[in-house]
Amino acid sequence: MFPNMLPFGFNPLVMQPQAMTQQATRHARRVYVGGLPPSANEQTVAVYFNQVMAAIGGNTAGPGDAVLNVYINHDKKFAFVEMRSVEEASNAMALDGILFEGAPVKVRRPTDYNPSLAAALGPSQPSANLNLAAVGLTAGSAGGLEGPDRIFVGGLPYYFTEAQVRELLESFGPLRGFDLVKDRETGNSKGYAFCVYQDLNVTDIACAALNGIKMGDKTLTVRRANQGASQPRPEQESILLQAQQQVQLQKLVYQVGSLPTKVVCLTQVVSADELKDDEEYEDIMEDMRLEAGKYGNLVKVVIPRPDPSGQPVAGVGKVFLEYADTDGAAKAKTALHGRKFGGNPVVAVCYAEDKFANGEYDG
């Protein structure tokens, strides 16, 4: 081929607009995949997403693979997966939480995703016809947690359950999407969540009502996740006032059942057999005193033992830790919950002080 000749059929006037189109749509064709295991690489991620996209019926750009390119950051364990089309990228958003090599991964929009520009490029939500059951998923919050009305809820007490956080947020109306962020290793709450309401008109009302409220020893930070939060309009004032009163009542409910007491109850730490031998029992008591004493002024440790006669004894298998103040108990509860003793993850909960003082260990 002569130096100045172009390949047969090559037309720069055709190729250039196509390249420009690809660049303009790139932010809407890429998905962020977080929480990847160390073994992941570009090839395994591409092959996996091609397989699951085909399995759920998410390929809409014709025959062939959906994934064009994968960039992976091994240090931070995330990847950017570039799809052929905007619609396929939106379908991939339904894969949030899917297991990759045994680890649940997060599928999100990248930070450069522009919802307003993307709206003109193709569907921004996953198709309602995807067969998520084929890959062990159910239609959930993934698609509902995108866009300008996504709310960030920070400062949540770590001991709040998913159901409690949901109940608080649903004071304002049903949710379209909800995600309490948890530690991948322990499964414990990281103290923040994201949500989107079905009625987008309550977004600002919920943010204004919940932001700054004290929950236990924490203060909530609630705002639009994209930072562009607008203030409630004047016509929303009366609804906002009513919502704030509702949240104050809700908070009182949570304080009764969820605020730390001075007593922490641990389950799945010891077995009845381990408690029968006197020497082994003393060793367990000493281990508990040493470990529990790291978190505050430990007043008392109670580990109910089985009765030699075989009569049932309340609380066998549980460990009760009494601290001088609620701060020590709260630290112990957070530190010990999810920890493994003898291969079992410990469950740590607050325990009523009056029941403990009366020797009632059956709660």
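From Ala332, Ala348, Ala357, grab the single residue that is open to solvent by 40 Å² or more (accessible area, probe 1.4 Å) and not charged (D, E, K, R).
Ala357
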## Note on the structure
Note: among Ser271, Ser189, Ser258, just one is buried (at least 20 other Cβ atoms within 10 Å of the Cβ), among the hydroxyl-bearing types (Ser, Thr, Tyr), at pLDDT below 85 and under 30 Å from Glu291 (Cβ atoms), namely Ser189
### Query
Scanning the stretch 91-118 for residues that are of a type in the set (S, T, N, Q) and assigned to a loop (DSSP other than H, G, I, E, B), which turns out most open to solvent (accessible area, probe 1.4 Å)?
Thr111
### Query
Just for the stretch 156-168: of the residues that are in contact (Cβ under 8 Å) with a residue 40 or more places away in the chain and open to solvent by less than 30 Å² (accessible area, probe 1.4 Å), which one is nearest to Val347 (Cα to Cα)?
Phe160
### Query
Which is open to solvent by 50 Å² or more (accessible area, probe 1.4 Å) and in a helix (DSSP H, G or I), of Glu280, Glu291?
Glu280
### Query
Restricting the first residue to the stretch 103-114 and requiring it to be assigned by the TED database to the domain that holds Leu180, which pairs with a second residue that is at pLDDT below 85 meet a Cβ separation below 8 Å and a spacing of at least six or different chains?
none
### Query
Which members of the stretch 16-33 meet the condition of being modelled with pLDDT of 90 or more and either of a type in the set (Val, Ile, Thr) or out of contact with any helix residue (DSSP H, G or I) (no Cβ under 9 Å at 6 or more places or on another chain) (or both)?
Val31, Tyr32, Val33
## Note on the structure
Filtering the stretch 188-206 down to residues that are within 20 Å of Gln164 (Cβ to Cβ) and of a type in the set (A, V, I, L, M) yields Ala193, Val196, Val202, Ala206
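The values are calculated or read from the model by the stated rules, or taken from the named source; none is laboratory data. Source: prediction; values computed, not measured. Methodologically, a virtual Cβ is constructed for each residue, glycine included, from the backbone with ideal geometry; neighbour enumeration extends over all protein chains shown. For the accessible areas, the whole protein counts, side chains as well, though only heavy atoms, and no ligand, DNA or RNA atoms are used. Shrake-Rupley method; radii C 1.70, N 1.55, O 1.52, S 1.80 Å.
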